[in-house]
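Enquirer: Have a look at this one before I ask anything.
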Amino acid sequence: MRFAFPFCSSVRRSLCAVAALALLAPLSVVPSRAQTGQADQHAALSSDAKPSAARSDASKGATVEADAASPQPQPGVAAKALDKVKQVAKSASDIFHRVPCHQPTGVPNSTGSLPHVAAKLAAGKPVVIIAFGSSSTQGYGSSAPEFTYPSRLAAQLRRQYPSADITVLNRGKGGEDAPEMMKRLQTEVIDMHPDMVIWQVGTNAVLRNLDPSETAKQVEDGVARIQADGSDIVLVDPQYSPRVTERPESARGMVKLLGRIAALRHVGIFPRFEVMRDWHEKQAIPIDDFVIADGLHMNDWGYACFAQLLGDDIIRSVGAIKIGVNVPADVRTYRPM
């Protein structure tokens, strides 16, 4: 999860010219740090993020497949150069859609390999991602639907893969945790046969003082059922916010619990608790700059950074598939808890 500026040092003079043109495009400019006011945050956030609602089959363009029997011309030097120019321009453009959000130090990538969704994106096939969870998935605290994390993630992936048919479905419901989520897992997640499920769970279990052993049992069962359907999975642990950290023992226990399940089931985990703690303790961002007044939910900037870092992980996994580094699904890296 890196925030890189792929400008002139990595390309020739002609490519720099294209990148410079991209910089002149009328795109929104991000500020230098997180802001507390919603109006200021809107200036930092992209206006082109699309709500992550399901699109009907009628609205999808017809897919045209090349005839396998027809010989395809090999790209020449000029074509390869043009592709490089396009890539540079796209990278330069995407910078202006990003919030000023950096890879936390000392928090290793733990989403691991995402072979199913990465292979489909690399092949240009339609992709369905489901964001499953409670109020922070639903987007409580954001100022508009397009600023929830599923919407921000969808916008980022569509910018990166403009020809791909990408659907991100928001299946978050406020106040729920594993007991309630398990009741709708089949109909709202598994029956949709998604390519990837991002399951945010555990915060309300901490706040409601639910039995950790029961939570572990339910989450592990849910992960097994999602895996049986062939989906990639990334668990998301609780947020680092005052309402959660005022219960330090329960919060740490839930982070460890979800880490153990991820390791046991060989699935990814996004360490949201550690990422948000890094924002505050190491990057010196005030809590009020990414958590709203209720002391629990993130604001527009917080959701945007969360989505951005998660999207970078997915994009990196696609890149590995494209260069032939196809890590088996049961191989992952995770932060030992």
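The values are calculated or read from the model by the stated rules, or taken from the named source; none is laboratory data. The model shown is predicted, which means the values in this text are computed figures rather than measured ones. Neighbour counts are summed over all protein chains in view; Cβ atoms, including those assigned to glycine, are modelled from backbone coordinates with ideal geometry.
Enquirer: Suppose we filter the stretch 194-223 for residues that are buried (at least 16 other Cβ atoms within 10 Å of the Cβ) and under 27 Å from P242 (Cβ atoms); how many remain?
Expert: Of the residues in the stretch 194-223, 16 are buried (at least 16 other Cβ atoms within 10 Å of the Cβ) and under 27 Å from P242 (Cβ atoms).
Enquirer: OK, next. Does the stretch 128-151 contain at least one residue that is touching a strand residue (DSSP E or B) at 6+ places or on another chain (Cβ under 9 Å) and either under 16 Å from R316 (Cα atoms) or charged (D, E, K, R) (or both)? Break it down stepwise before answering.
Expert: Keep residues of the stretch 128-151 that are touching a strand residue (DSSP E or B) at 6+ places or on another chain (Cβ under 9 Å), which gives 128-142, 145, 148-151.
Filter once more, so that each one left must be either under 16 Å from R316 (Cα atoms) or charged (D, E, K, R) (or both): none.
Within the stretch 128-151, not a single residue is touching a strand residue (DSSP E or B) at 6+ places or on another chain (Cβ under 9 Å) and either under 16 Å from R316 (Cα atoms) or charged (D, E, K, R) (or both).
Enquirer: I'd like to check which helices (runs of 4 or more DSSP H) are fully inside the stretch 175-240 and have at least 1 residues that are under 22 Å from the mean Cα position of the chain (by Cα), more than 27 Å from P115 (Cβ to Cβ) and modelled with pLDDT of 95 or more. Give the derivation first.
Expert: On the way: elements: 178-188, 203-207, 212-228.
Helices (runs of 4 or more DSSP H) meeting the threshold: 203-207.
Enquirer: Filter the stretch 100-126 for residues that are farther than 16 Å from R316 by Cα and among the hydrophobic types (A, V, I, L, M, F, W, C) and give the result. Steps first, please.
Expert: Applying the first criterion (farther than 16 Å from R316 by Cα) to the stretch 100-126 yields 100-101, 104-107, 125-126.
Matches in the stretch 100-126: C101, V107.
Enquirer: Another one. Got a sec? Which of V128, V107, V77 is modelled with pLDDT of 95 or more and surrounded by fewer than 22 Cβ atoms within 10 Å (Cβ to Cβ)? Quick ask: steps written out before the conclusion?
Expert: Numbers: V107 fails: modelled with pLDDT of 95 or more; V77 fails: modelled with pLDDT of 95 or more.
The unique qualifying residue is V128.
Enquirer: Just checking, which of T137, T105, T167, T111 is hydroxyl-bearing (S, T, Y), outside any loop (DSSP other than H, G, I, E, B), touching a residue at least 24 places away in the same chain (Cβ under 8 Å) and farther than 16 Å from M298 by Cβ? Explain how you work it out, then say what you get.
Expert: Details: T137 fails: farther than 16 Å from M298 by Cβ; T105 fails: outside any loop (DSSP other than H, G, I, E, B); T111 fails: outside any loop (DSSP other than H, G, I, E, B).
Testing whether each residue is hydroxyl-bearing (S, T, Y), outside any loop (DSSP other than H, G, I, E, B), touching a residue at least 24 places away in the same chain (Cβ under 8 Å) and farther than 16 Å from M298 by Cβ leaves just T167.
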